[in-house]
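Accompanying notes for the structure given below.
The values are calculated or read from the model by the stated rules, or taken from the named source; none is laboratory data. Bear in mind the structure is a predicted one, so any value in this text is a computation, not a measurement. All Cβ positions, glycine included, derive from the backbone under ideal geometry; neighbour counts span all protein chains shown.
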Amino acid sequence: MANIVRAALVQAEWTGDKKSMLDKHLTLARKAAKDGAKVICFQEIFYGPYFCQVQENEYFSYTEPIPDGPTTKIMQDLAKETGMVLVVPMFEVEQEGVYYNTAAVIDADGKYLGKYRKTHIPHVKGFWEKFYFRPGNLGYPIFDTAVGRIGVYICYDRHFPEGWRALGLAGAKIIFNPSATSRGLSMYLWNLEQPAAAVANEVYIGAINRVGKEPLGDNDFYGSSYFVNPRGQIVGDAASDKKEEVIVRDLDMDMIEEVRQQWAFYRDRRPDAYGPLVQA
């Protein structure tokens, strides 16, 4: 019998306020659950605008503690209701003045499993993230969920191969990459990097992007969310580049072992030869 995980990604347009954005995602998640999804991931800081297009203190109001904040609790209830594993990206406050770009992971029974904090923080025009976020300090955790071992790598992280490799070596079978990336800057990389990372690490990757224009800047978020398999092939079609969408795809988890035996990249690694890479 095939070992299939039905997984979902949500790309959504900004509604104008946090409550309606939260309500929208609850509705879309329930739709995915009705379509049989057992795991779902939302986009980067899903309940807010992508406020890093500007540098304004008012957007610190979007912070919440994790797991003790209200959104985590709502999502725990949603997981219990739907029986889905949830990957929930939020703006985390650890203590006054200490903030992270974080994703909480909640198991299908509503249990909070832990969080990943974005490791690599950009600071260029339209992506002024160092104004808001400290670099993550939790390493690359793996979460044992009802659908198997998963990892999270957030947006700009995807440009750095080391984290993909750390997650793969730690046993992740699906890695989710919630993002906010714009059309003019990096769209060609969107269709290149995650398939390459999936091949190099022989895992599934769920790449999630925002969609639409938001009022804070000129960024045009192009959606195009997709799953890619360990052979670097898109599973089904990518989502629209202009409209919000929930995609639900069947991931054949047996392909991971098949590809790792066939291509054997992990077998043929030479970690003894890589020391200088982390000494620069």
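Would you mind telling me which numbered condition in (1) within 18 Å of Ile154 (Cα to Cα); (2) aromatic (Phe, Trp, Tyr); (3) in contact (Cβ under 8 Å) with a residue 60 or more places away in the chain Phe60 fails?
Result: Phe60 passes all but (1).
State all residues of the range 233-247 that are part of a strand (DSSP E or B) and touching a Phe, Trp or Tyr at 6+ places or on another chain (Cβ under 8 Å); if no residue qualifies, say none.
Ile234, Ile247
Out of the residues in the range 248-277 meeting the condition of being touching a residue at least 60 places away in the same chain (Cβ under 8 Å) and assigned to a helix (DSSP H, G or I), tell me which one is farthest from Val39 (Cα to Cα).
Ranking the candidates gives Trp263 first.
Looking only at residues that are of a type outside the set (Val, Ile, Thr) and without any contact (Cβ under 8 Å) to a residue 12 or more places away in the chain in the range 1-43, which one is nearest to Phe221 (Cα to Cα)?
Per the criteria, the residue is Gly16.
For (1) closer than 27 Å to Ala146 by Cα; (2) in contact with a strand residue (DSSP E or B) (Cβ under 7 Å, 6 or more places away or on another chain), each residue gets a yes or a no:
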{"position": "Ala197", "(1), (2)": "yes, yes"}
{"position": "Ile205", "(1), (2)": "yes, yes"}
{"position": "Asp220", "(1), (2)": "no, yes"}
{"position": "Ala239", "(1), (2)": "yes, yes"}
{"position": "Glu258", "(1), (2)": "yes, no"}
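Across the range 167-192, what is the number of residues that are in contact (Cβ under 8 Å) with a residue 60 or more places away in the chain and loosely packed, with under 15 Cβ neighbours inside 10 Å?
Of the residues in that region, 1 qualify.
If you scan the range 1-45, which residues turn out to be within 18 Å of Glu81 (Cβ to Cβ) and touching a His at 6+ places or on another chain (Cβ under 7 Å)?
Val10, Phe42
Would you confirm whether any residue within the range 76-97 is of a type in the set (Lys, Arg) and touching a residue at least 24 places away in the same chain (Cβ under 8 Å)? If you could, list the steps in order and put the result at the bottom.
As a first pass, look at the range 76-97 and keep what is of a type in the set (Lys, Arg): 80.
With touching a residue at least 24 places away in the same chain (Cβ under 8 Å) added as a condition, the list becomes 80.
Taking every residue of the range 76-97 in turn, at least one turns out to be of a type in the set (Lys, Arg) and touching a residue at least 24 places away in the same chain (Cβ under 8 Å).
Test of understanding: among Tyr188, Tyr266, Tyr204, Tyr226, which residue is at pLDDT below 95 and under 29 Å from Leu138 (Cα atoms)?
Residue meeting the stated conditions: Tyr266.
I'd like the residue in the range 193-218 that is touching a helix residue (DSSP H, G or I) at 6+ places or on another chain (Cβ under 6 Å) and part of a loop (DSSP other than H, G, I, E, B) and, out of all such residues, is surrounded by the fewest Cβ atoms within 10 Å (Cβ to Cβ). Reasoning before the result, please.
Here is the first cut: in the range 193-218, the ones touching a helix residue (DSSP H, G or I) at 6+ places or on another chain (Cβ under 6 Å) are 193, 197, 201-203, 205, 207, 216-217.
Restricting the remaining residues to those that are part of a loop (DSSP other than H, G, I, E, B) gives 202-203, 216-217.
Working: Glu202: 24, Val203: 25, Leu216: 16, Gly217: 18.
Step by step, filter the range 193-218, then rank; the result is Leu216.
Given the conditions (1) surrounded by fewer than 22 Cβ atoms within 10 Å (Cβ to Cβ); (2) in a loop (DSSP other than H, G, I, E, B); (3) touching a helix residue (DSSP H, G or I) at 6+ places or on another chain (Cβ under 6 Å), which single one is not true for Pro230?
(1)
Under the condition of being part of a loop (DSSP other than H, G, I, E, B) and of a type in the set (Val, Ile, Thr), which residue from the range 1-47 is farthest from the chain's Cα centre (by Cα)? Outline the logic, then answer.
Within the range 1-47, the first condition is being part of a loop (DSSP other than H, G, I, E, B), and the residues that meet it are 1-3, 12-17, 35-38, 42-47.
Next cut, of a type in the set (Val, Ile, Thr) only: 15, 45.
Details: Thr15: 20, Ile45: 10 Å.
In this case the residue turns out to be Thr15.
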